[in-house]
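*Asks:* What follows is a structure written as structure tokens; I'll ask about it next.
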Amino acid sequence: MIDTGSTRLAYDEAGDGPAVVLLHAGLADRRMWDHQFAALSAGHRVVRYDRRGIGGSADHEGPVEHHRDLLDLMDALDIDRAALVGASFGGAHAVDAALTAPGRVGALALVCPGVSGHRWPRSFTDAAAAAVGPAVPPGRMARYRAGNAAPDPADVAAMAQAQARFMVAGPGRSPDDLPPEAWDLSLLMLRELFARLWSSPANRPRWIDPPANGLLAKIGVPTLVVKGLSDVREVQDVADLYAAGVPGARLLELPDTGHLPPLERPAEFTAALAGFLEEAAAGS
């Protein structure tokens, strides 16, 4: 644990060399980076951490600026500049940090990323409602969303299963399409996430203003965008927005891969990431 001045964050650190900070997906915690954390530490100073309100980090209530937490964590660890590797919402927070403090970020690797300011189309919200809505009865779900509840473990397990099938595996796929260890860790992280989220104070992220979706051309660092071709179509569309909008961005498409490539294809993803970081460091 480290006190950043505004919260306490749980983190791991290993290795020496250029700094790399790993930001987990909204469906996960810092354990999703197990393979990359171990492999990259051979030549980098690698930090992974749990976002506020998740895993081992402190709770919060009301709005929170996760990109500020990231920059505060870097300050607390005496990291002046780092490559940021963010998955899903972690990618969105990394981009917000890069736009807020461009001198602190040397490179961006955005894995099936979100982006602040994005409005999800009706096709996505309808598909999500159909996939996860039946997992928990509406009355109980409303209590859970309000926070400070005592969730039924059966509801936690049902929501974790539904979210894993919809987002981690992706449409038209089943748990059998993922390595067993990836599926099992995904379910474990999701169960712990919903148990924590529903029993903690209600909270929400506060994004940069103006949001990043209108500022992509201002990103001036080497950027790798990773897209799982079995991910939800509308999430893939956000990756395409980055690939088209960030000057010089490189797009890596992974076939038969869902929303969490670092878990589903650890060796292939880590090799691509390590190569990108090496090229970015050489270019700087």
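The values are calculated or read from the model by the stated rules, or taken from the named source; none is laboratory data. Bear in mind the structure is a predicted one, so any value in this text is a computation, not a measurement. Don't worry about glycine lacking a Cβ; one is built from the backbone with ideal geometry, like all the others, and counts go over all protein chains shown. Surface accessibility is based on the protein's heavy atoms, side chains included, excluding ligands, DNA and RNA. Shrake-Rupley method; radii C 1.70, N 1.55, O 1.52, S 1.80 Å.
For (1) open to solvent by 20 Å² or more (accessible area, probe 1.4 Å); (2) in contact with a Lys or Arg (Cβ under 7 Å, 6 or more places away or on another chain); (3) part of a loop (DSSP other than H, G, I, E, B); (4) in contact (Cβ under 8 Å) with a residue 60 or more places away in the chain, each residue gets a yes or a no:
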{"residue": "Ser6", "(1), (2), (3), (4)": "yes, no, yes, yes"}
{"residue": "Gly17", "(1), (2), (3), (4)": "yes, yes, yes, no"}
{"residue": "Leu22", "(1), (2), (3), (4)": "no, yes, no, yes"}
{"residue": "Ala38", "(1), (2), (3), (4)": "yes, no, no, no"}
{"residue": "Val47", "(1), (2), (3), (4)": "no, no, no, no"}
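*Asks:* Based on this model, can you work out whether Arg119 counts as in contact with a strand residue (DSSP E or B) (Cβ under 9 Å, 6 or more places away or on another chain) and either under 22 Å from Asp29 (Cα atoms) or free of Cβ contacts under 8 Å to residues at least 60 places away in the same chain (or both)?
*Replies:* For Arg119, the condition - in contact with a strand residue (DSSP E or B) (Cβ under 9 Å, 6 or more places away or on another chain) and either under 22 Å from Asp29 (Cα atoms) or free of Cβ contacts under 8 Å to residues at least 60 places away in the same chain (or both) - is not met.
*Asks:* Another one. List the number of the failed condition for Ala109; all other conditions in (1) in contact (Cβ under 8 Å) with a residue 60 or more places away in the chain; (2) aliphatic (A, V, I, L, M); (3) closer than 28 Å to Asp69 by Cβ; (4) outside the structural domain of His35 (by the TED database) hold.
*Replies:* So Ala109 meets the others, but not (4).
*Asks:* Just checking, does the stretch 229-240 include any residue being of a type in the set (A, V, I, L, M, F, W, C) and free of Cβ contacts under 8 Å to residues at least 24 places away in the same chain?
*Replies:* Looking for residues that are of a type in the set (A, V, I, L, M, F, W, C) and free of Cβ contacts under 8 Å to residues at least 24 places away in the same chain, one finds none in the stretch 229-240, hence no.
*Asks:* Confirm whether Arg233 is in contact with a Ser or Thr (Cβ under 9 Å, 6 or more places away or on another chain) and more than 23 Å from Arg81 (Cα to Cα). Steps first, answer last, please.
*Replies:* Details: in contact with a Ser or Thr (Cβ under 9 Å, 6 or more places away or on another chain): yes; more than 23 Å from Arg81 (Cα to Cα): yes.
Answer is yes for this residue.
*Asks:* Would you say Leu108 is in a helix (DSSP H, G or I) and closer than 21 Å to Ile219 by Cα?
*Replies:* Judged against the criteria, Leu108 is not a match.
*Asks:* Let me ask something additional. Please indicate, with yes or no, whether at least one residue in the stretch 263-278 is closer than 22 Å to Ser123 by Cβ and not small (Gly, Ala, Ser). Don't jump to the end; show me each part of the working.
*Replies:* Our first condition is that a residue be closer than 22 Å to Ser123 by Cβ; within the stretch 263-278, this holds for none.
So far as the stretch 263-278 goes, no, none of its residues is closer than 22 Å to Ser123 by Cβ and not small (Gly, Ala, Ser).
*Asks:* Test each condition in (1) among the acidic types (Asp, Glu); (2) surrounded by 15 or more Cβ atoms within 10 Å (Cβ to Cβ); (3) assigned by the TED database to the domain that holds Gly55 for Asp155 and report the one that comes out false.
*Replies:* In the conditions (1) among the acidic types (Asp, Glu); (2) surrounded by 15 or more Cβ atoms within 10 Å (Cβ to Cβ); (3) assigned by the TED database to the domain that holds Gly55, Asp155 misses (3) alone.
*Asks:* If I go through the stretch 81-105 residue by residue, how many of them are of a type outside the set (Val, Ile, Thr), open to solvent by 20 Å² or more (accessible area, probe 1.4 Å) and touching a residue at least 40 places away in the same chain (Cβ under 8 Å)?
*Replies:* 4
*Asks:* Sticking with this one: Working carefully through the options Ala142, Ala149, Ala131, Ala58, find the one that is among the hydrophobic types (A, V, I, L, M, F, W, C), more than 26 Å from Phe269 (Cα to Cα), part of a helix (DSSP H, G or I) and touching a Lys or Arg at 6+ places or on another chain (Cβ under 9 Å).
*Replies:* Only one candidate qualifies: Ala131.
*Asks:* Also, I was wondering about something else. For the stretch 61-70, how many residues meet the condition of being surrounded by fewer than 18 Cβ atoms within 10 Å (Cβ to Cβ) and either without any contact (Cβ under 8 Å) to a residue 60 or more places away in the chain or part of a loop (DSSP other than H, G, I, E, B) (or both)?
*Replies:* Of the residues in the stretch 61-70, 1 are surrounded by fewer than 18 Cβ atoms within 10 Å (Cβ to Cβ) and either without any contact (Cβ under 8 Å) to a residue 60 or more places away in the chain or part of a loop (DSSP other than H, G, I, E, B) (or both).
*Asks:* Please report, ordered by residue number, the helices (runs of 4 or more DSSP H) entirely within the stretch 167-284 with at least 3 residues that are touching a helix residue (DSSP H, G or I) at 6+ places or on another chain (Cβ under 6 Å), open to solvent by less than 30 Å² (accessible area, probe 1.4 Å) and assigned by the TED database to the domain that holds Arg145.
*Replies:* Working: elements: 180-199, 233-245, 261-264, 266-283.
The qualifying helices (runs of 4 or more DSSP H) are 180-199.
*Asks:* Oh, and also: In the list Gly53, Gly62, which residue meets the criterion of being in contact with a His (Cβ under 7 Å, 6 or more places away or on another chain) and modelled with pLDDT under 95?
*Replies:* Numbers: Gly62 fails: in contact with a His (Cβ under 7 Å, 6 or more places away or on another chain).
Of Gly53, Gly62, the one residue that is in contact with a His (Cβ under 7 Å, 6 or more places away or on another chain) and modelled with pLDDT under 95 is Gly53.
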